[in-house]
Structures are given as structure tokens and as C-alpha cells.
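Notes to accompany the following structure.
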Amino acid sequence: MRERLDDLLIVDCDVHVHESPAALAPYCDPPWRTSLETVSQIEERYLDVPGLSAGGMGLTGPVFPSGSAGVRIVETPSAMRAELSELHVDIGILFPDHLLKLALVTPPEYAAALARAYNAWLVEEWCRPAEGLLGCLVACPQDPEDTAREIERYADHDGVVGVYLPCAAVEPLWGNRRYDPIYRAAQEAGFPVLLHSVTVVYPVFPANIHGFETGFALHSVGHTFAIMANLVSLIETAVPVRFPDLKVVSTEAGITWVPFLCNRLDKEYLERRPEVPLLTERPSTYLKRFYYSTQPIEEPERLADMVAIVDLYDGHDTTVFATDWPHHDFDHPMKFAQMPFTPETRRKIFGQNALTLFGIDATGKRLHR
């Protein structure tokens, strides 16, 4: 007999707060604050605010109704706590909405100011360990040194447990050595880095999917291609070798592609080992040490196939649960609970693996700082 959801510890590794321009403005340094105050007067469109999260979903053709329930945002920590409790979620790891597109923002000084404002707002208004709300600082790819200072600033904060790496249209990819200050600071603080993407085509990132005509096609592979490209970049430049204690997490890309990437990189490594001399083991060895969140969980006709997928990348200890709440494509815990994992693996993926990943206990308290 399977456990009831209420009897399981559930840690949701991808929950989205909504950082409106008006909310961030008081936390933003001048002169950039003026920009946020200005755009806060404009009617807000979901993930599309001038100068903050430019661009829509890359759609230029007709728009049709879909199976989604429409756009939802959660405005307050108390509302988020109530809604997560309805989903049986005990601890939620918080990510932004608009700043999923931070890599697109220019100039770099403004991007860094937005990241600092978001981090201050998140810590001040949202990080509430006693209520199971824990945050990830946003990294600014345009200014890695500034991000390193932000990590050092919040390294001992009770409510901060990770660093979010924006992956939508990031240039260069996250394996580039310019980001070493971020990895060095995160490793020192004991924070994992969490890659997260959103459906963006800029200008042909992450491949030539700019030729797609529908959201159906873009959303099918956009996130996954972006995460895969960045993970290959991390392996290529030997980030897990150069920062051996750094934990890396893939979020909002599903998991069925992970065995493919392991096998493909191993194949290339056996043929081209001299090109990556810093790697001392097969690429799959490093990939299998990374963590992978379940959302959006694939739903094959045979649910047992998902058990086989996790077996293929030895993911029983490195797969973590996520809902993507409150976005339209969120996964209810019931969906994952239907999959025929053993009770031990189900408990690990729902919660225990995340406790290890973030260095927290079942109440959300950080164990080592």
C-alpha cells in the first residue's frame, strides 16, 4: 500500500514568486530604480515587461486556447504557504518569474542592479524558514563578480539555500570561465547552483528552434535544449573537476533526456579525450553526480518507463521533486506518486534527496554554514 501524500515529506524544488516592478523598485539602487518605477505604471503582461523581462514566448503566429488554466501568480508568502499546503508540499524552494529572462537584460549594470534588488526583496519579504519558504539568490551572468559578492553577503542567511543560474538565452554558456567567481563563492557558501530556463528564442538559442511555428513545438524542447547545452558546457570546461564540492541542479527540464546525454558524452569522450584533458572520469560520472528535478515530469503510457529512466542515470539519490507552482504547467505530487517507484525511492525523490542537496533538515533549517 502506498503512503498518503500527507505522510511523506515533500520538498518542492521549483516554486515561483512574482517580483513585479513595483515590488522591486524600493530595493533597487538609483538610477535604475527610476526604470522600475516607470514600467510599474505600464499594464503588466506575464513574463513580458519592458526593460525587465523583454519578449514573450517567441510566438509570432496565431494564438489558440490551450489546456492550461491560464496565468496565475502568488502575491504573498502567506498565500504561497497556504497553496503549497493544499498541494501537500512541506518546503518550497523559491525562484523568480520575470528574472527567468535576466540574461536578456542590458546594460550589465542594470542587470546587476535588478539581481541585487530581487535578492534583497526575496530575503526581506519571502524567505521564511519557519514556514517552509526558502530562497535561491539570482545570479547575474552579465556581472559574475557582483554575483559572487551577493553570495558572500547572504551566505549565512537562514532562508537562503542556493543560487539560481538563468539559462534562457545566456551568452556565453555557464561553463565559461568568466563565471568561476560565482562557482567559487557558491562552493565556499555550500550553496548548490540551480540551472533554470524559460521558453526564449534569442536569436537562435538554444538551437535553430526559431523556425518552430507553435508554442507546442517551442515548449516541448526549449527548456531541455537550453539545460542540455549548459550542462555540456559545464562538462567541457571541467567545472565539476575545478569545483569538486559544487552541487549542480537541473530544473524545469524533465529527466528522460539525462541517460541520452550521459551516453552521448561518454561516446565522444572515448574518441576525443585529449580535447578535455582536465576530465579524469567519463562525463557520465560527473553528470550522475548532478541533481535533476522532475518537473515537467514526462508521462509515458507505461509509467514504469520512468523508473527505468531513473535507473539508467543512477538517479535514486540525485532526483528531486518539483511542481513549478503556480505556473500553468505545474505538476501535482499525485502525478509522481502514481509512478511505481519503491517506497524508499519515492521518499528520497519527494524529500530526502532535497534535504541532502540543500543541507537542511525536515523543518527547513540549514545544518551547516
| field | Unmet criterion (only one of (1) over 19 Å from the mean Cα position of the chain (by Cα); (2) of a type in the set (A, V, I, L, M); (3) crowded, with 19+ Cβ neighbours inside 10 Å; (4) over 30 Å from Val89 (Cα atoms)) for Val310 | value | (4)
| remark: Within region 1-22, the count of residues that are within 23 Å of the chain's Cα centre (by Cα) and charged (D, E, K, R) comes to 3
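Could you check region 183-224 and list, in sequence order, the residues that are modelled with pLDDT of 95 or more and either surrounded by fewer than 18 Cβ atoms within 10 Å (Cβ to Cβ) or part of a helix (DSSP H, G or I) (or both)?
Hits for region 183-224 are Tyr183, Arg184, Ala185, Ala186, Gln187, Glu188, Ala189.
Among the residues of region 99-110 satisfying the criterion of being outside any helix (DSSP H, G or I) and surrounded by fewer than 23 Cβ atoms within 10 Å (Cβ to Cβ), which is nearest to the chain's Cα centre (by Cα)?
Thr106
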| task | Output the residues belonging to region 20-43 that are of a type in the set (A, V, I, L, M) and either surrounded by fewer than 13 Cβ atoms within 10 Å (Cβ to Cβ) or on the phi > 0 side of the Ramachandran plot (or both). | result | Ile42
| query | Regarding Glu275, is this residue surrounded by fewer than 22 Cβ atoms within 10 Å (Cβ to Cβ), farther than 30 Å from Thr323 by Cβ and more than 16 Å from the chain's Cα centre (by Cα)? | reply | yes
| message | Please pick out the residue among Ile297, Ile255, Ile235 that is in a helix (DSSP H, G or I), of a type in the set (A, V, I, L, M, F, W, C) and surrounded by 17 or more Cβ atoms within 10 Å (Cβ to Cβ). | response | Ile235
| request: Among the residues of region 158-200, write down those that are basic (Lys, Arg) and either touching a strand residue (DSSP E or B) at 6+ places or on another chain (Cβ under 8 Å) or more than 20 Å from Tyr291 (Cα to Cα) (or both). | output: Arg177, Arg178
| message | Pull out all pairs, ordered by first then second residue, where Cβ-Cβ is under 6 Å, the residues are six or more apart or on different chains, the first lies in region 35-47 and is among the aliphatic types (A, V, I, L, M), and the second is in a helix (DSSP H, G or I). | response | Leu36/Pro21; Leu36/Leu24; Leu36/Ala25; Val39/Pro21
| field | Residue satisfying all of: in region 72-98; at pLDDT below 95 and of a type outside the set (Val, Ile, Thr); surrounded by the most Cβ atoms within 10 Å (Cβ to Cβ) among these | value | His98
| remark: Val17 fails exactly one of (1) exposed (fewer than 14 other Cβ atoms within 10 Å of the Cβ); (2) in contact (Cβ under 8 Å) with a residue 24 or more places away in the chain; (3) aliphatic (A, V, I, L, M), namely (1)
| query | Which residues, counting only those in region 128-138, are out of contact with any Lys or Arg (no Cβ under 8 Å at 6 or more places or on another chain) and either crowded, with 22+ Cβ neighbours inside 10 Å or under 18 Å from Glu37 (Cα atoms) (or both)? | reply | Leu134, Gly135, Cys136, Leu137, Val138
| request: Please work out if Tyr269 is touching a Leu at 6+ places or on another chain (Cβ under 8 Å) and surrounded by 13 or more Cβ atoms within 10 Å (Cβ to Cβ). | output: yes
| Condition check for Thr323: in a loop (DSSP other than H, G, I, E, B), among the polar types (S, T, N, Q) and at pLDDT 95 or above | yes
| task | Can you confirm whether region 265-285 contains a residue that is in contact with a strand residue (DSSP E or B) (Cβ under 9 Å, 6 or more places away or on another chain) and of a type outside the set (S, T, N, Q)? | result | no
| request: Note down all Cβ pairs under 9 Å where the first residue falls in region 167-182 and is without any contact (Cβ under 8 Å) to a residue 60 or more places away in the chain, the second is aliphatic (A, V, I, L, M) and outside any helix (DSSP H, G or I), and they're at least six residues apart or on different chains. | output: Tyr179/Ala139; Tyr179/Leu165; Ile182/Ala139; Ile182/Val163; Ile182/Leu165; Ile182/Val193
| Within the group Leu246, Leu279, which residue is assigned to a loop (DSSP other than H, G, I, E, B), touching a helix residue (DSSP H, G or I) at 6+ places or on another chain (Cβ under 8 Å), over 23 Å from Val170 (Cα atoms) and among the aliphatic types (A, V, I, L, M)? | Leu279
| task | Just name the residue that is surrounded by the most Cβ atoms within 10 Å (Cβ to Cβ) out of those in region 167-182 that are of a type outside the set (Phe, Trp, Tyr) and at pLDDT 95 or above. | result | Ile182
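The values are calculated or read from the model by the stated rules, or taken from the named source; none is laboratory data. Because the structure is a prediction, the values reported are computed rather than measured. So basically every Cβ, Gly included, is an ideal-geometry build from the backbone, and we count neighbours across all protein chains shown.
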